[in-house]
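Structure record follows, encoded as structure tokens.
The values are calculated or read from the model by the stated rules, or taken from the named source; none is laboratory data. Note that this is a predicted model, so its numbers are computed, not measured. Note that each Cβ is placed from the backbone with ideal geometry, even for glycine, and that neighbours are counted across all protein chains shown.
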């Protein structure tokens, strides 16, 4: 089968060019000037003035978790206590057979001090377990605390915190590792639930032009269920069409003894066409808003310097051993101390293993050049780099200066030669790469987003750290495909025809309108997998 794409422009390694693209048997056969190559195609796709781009690859995402949450009490499209309570009550009324009310998607900034309270959902006749939008805390009601036996005398786990009032009584928020105290009591999804969640997530991601991704937690974390069997089944059955790498979860309560198990898990996916388990995910710290991100100096107002979940000396040993065995290491690092600890651990490792650090909210300036020097890729989640309620009302007051000005230093990473990839962390934030590109270029909230109307949402956040659109789009295409060792991600002859037709050319738009771009069609191996 052949397809000729023509009538618009094409995003190529040489830049955006007017031209056409010929696909034969699922592979890009030729890229030429408008009118070339000769139209021997069996089908012609009229770009209609839009832009043809490589399929996007999301370098840090949680699709199965997102699919599960979309099927539960999903608060992600709501904002504010009243809206949350209404959605929760409606879900409870429609699901009388459910023993638990579980789901998530609530935003810290909707609550004073970023903290909801158990009494706000004590109207429910069942225990409730609702995960925070960024998955670093859970909101539970009194029934759930009682079910778990959590009282004022329950100690905090080593890697988490039970939020308490002045008298020591649990308030209904469980941070980090404390989430498991209740989360592990909630109903476990079945194998079919996981398969359905993956299928739903894949459909959604195809609609956004995402044809590949790296699942950043393939394992069990915060009450989740291991997702490796779901990926293996989907890859073997052919229902997984996207190109996927699973980042196997590093259990931070254990050490090097788990490496042998990771090697065995990697081997389970060997020989599969669409899925490989060649990366290992290490979560080195938490987040700034609950003071678990690892910082070099104490937080303002509350003190403390956060948590390093893996002792830095052990981290270096673990990374060295994983590197020796040919694993890629994928580190979560939010605070500047966690970023430094990760970079220190990557000293002396093999750049060919394509290690990367995700999130990178705060980087101490002297550490920025180390990414290029060590061959470590900066894995960016651009959507977070704006003025929004959580940033202005929680993050900035807790960080203070100069640390606040070290956030999301995209331009500095580019200037020092760092290799970039990009992702969304969905369901933590919107999976749409075009919205992420809008923020990377403008450092403002995209129009139509949940926080677009916030008073300072259209005031650029640290505007000196903007990047140009071509760099941002390359991070979401060639950069993230490179991280996954995917043959896609670039429009040039010989590459798989994982392609996306955009309804307009964002390079021809004013920068403030990039967010208006939508996906018309998505192709994998030259076959349509989405058409709007």
For the stretch 232-270, which residues satisfy the criterion of being part of a loop (DSSP other than H, G, I, E, B) and in contact with a helix residue (DSSP H, G or I) (Cβ under 8 Å, 6 or more places away or on another chain)?
239, 240, 241, 242, 250, 251, 255, 269
Quickly run through the stretch 362-371 and pick out the residues that are in a loop (DSSP other than H, G, I, E, B) and buried (at least 24 other Cβ atoms within 10 Å of the Cβ).
363
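So in the stretch 486-520, with the set limited to residues that are part of a loop (DSSP other than H, G, I, E, B) and within 24 Å of the chain's Cα centre (by Cα), which one is farthest from residue 27 (Cα to Cα)?
Residue satisfying both the conditions and the ranking: 517.
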Mind listing just one residue for me: the one in the stretch 432-455 that is in a loop (DSSP other than H, G, I, E, B) and in contact with a helix residue (DSSP H, G or I) (Cβ under 6 Å, 6 or more places away or on another chain) and, of those, surrounded by the fewest Cβ atoms within 10 Å (Cβ to Cβ)?
447
Odd one out for residue 79 among (1) touching a helix residue (DSSP H, G or I) at 6+ places or on another chain (Cβ under 7 Å); (2) in a loop (DSSP other than H, G, I, E, B); (3) in contact (Cβ under 8 Å) with a residue 24 or more places away in the chain; (4) farther than 23 Å from residue 383 by Cα:
(4)
Residue 433 being closer than 29 Å to residue 353 by Cα and touching a residue at least 60 places away in the same chain (Cβ under 8 Å):
yes
Which residue is nearest to residue 286 (Cα to Cα), if the candidates are limited to the stretch 179-194 and must be touching a residue at least 12 places away in the same chain (Cβ under 8 Å) and assigned to a helix (DSSP H, G or I)?
179
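For residue 204, state whether it is modelled with pLDDT under 95 and within 22 Å of the chain's Cα centre (by Cα).
no
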Out of everything in the stretch 372-387 that is surrounded by fewer than 24 Cβ atoms within 10 Å (Cβ to Cβ) and more than 21 Å from residue 466 (Cβ to Cβ), what residue ends up being nearest to the chain's Cα centre (by Cα)?
375
Residue satisfying condition, being touching a strand residue (DSSP E or B) at 6+ places or on another chain (Cβ under 9 Å) and farther than 19 Å from residue 203 by Cβ, within set 504, 520:
504
Are there any pairs with C-beta distances below 8 angstrom linking a residue in the stretch 219-243 that is over 28 Å from residue 488 (Cα atoms) to a residue that is surrounded by fewer than 19 Cβ atoms within 10 Å (Cβ to Cβ), with the two at least 6 apart or on different chains, and if so which?
220/226; 223/184; 225/188
Identify, from the list 355, 359, the residue that is within 23 Å of residue 177 (Cα to Cα) and either touching a helix residue (DSSP H, G or I) at 6+ places or on another chain (Cβ under 8 Å) or in contact (Cβ under 8 Å) with a residue 60 or more places away in the chain (or both).
359
I'd like the residue in the stretch 119-137 that is buried (at least 21 other Cβ atoms within 10 Å of the Cβ) and without any contact (Cβ under 8 Å) to a residue 60 or more places away in the chain and, out of all such residues, is nearest to the chain's Cα centre (by Cα).
132
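Conditions (1) free of Cβ contacts under 8 Å to residues at least 24 places away in the same chain; (2) touching a strand residue (DSSP E or B) at 6+ places or on another chain (Cβ under 7 Å), marked per residue:
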residue: 90; (1), (2): yes, no
residue: 96; (1), (2): yes, no
residue: 109; (1), (2): no, no
residue: 112; (1), (2): yes, no
residue: 139; (1), (2): no, yes
residue: 145; (1), (2): no, yes
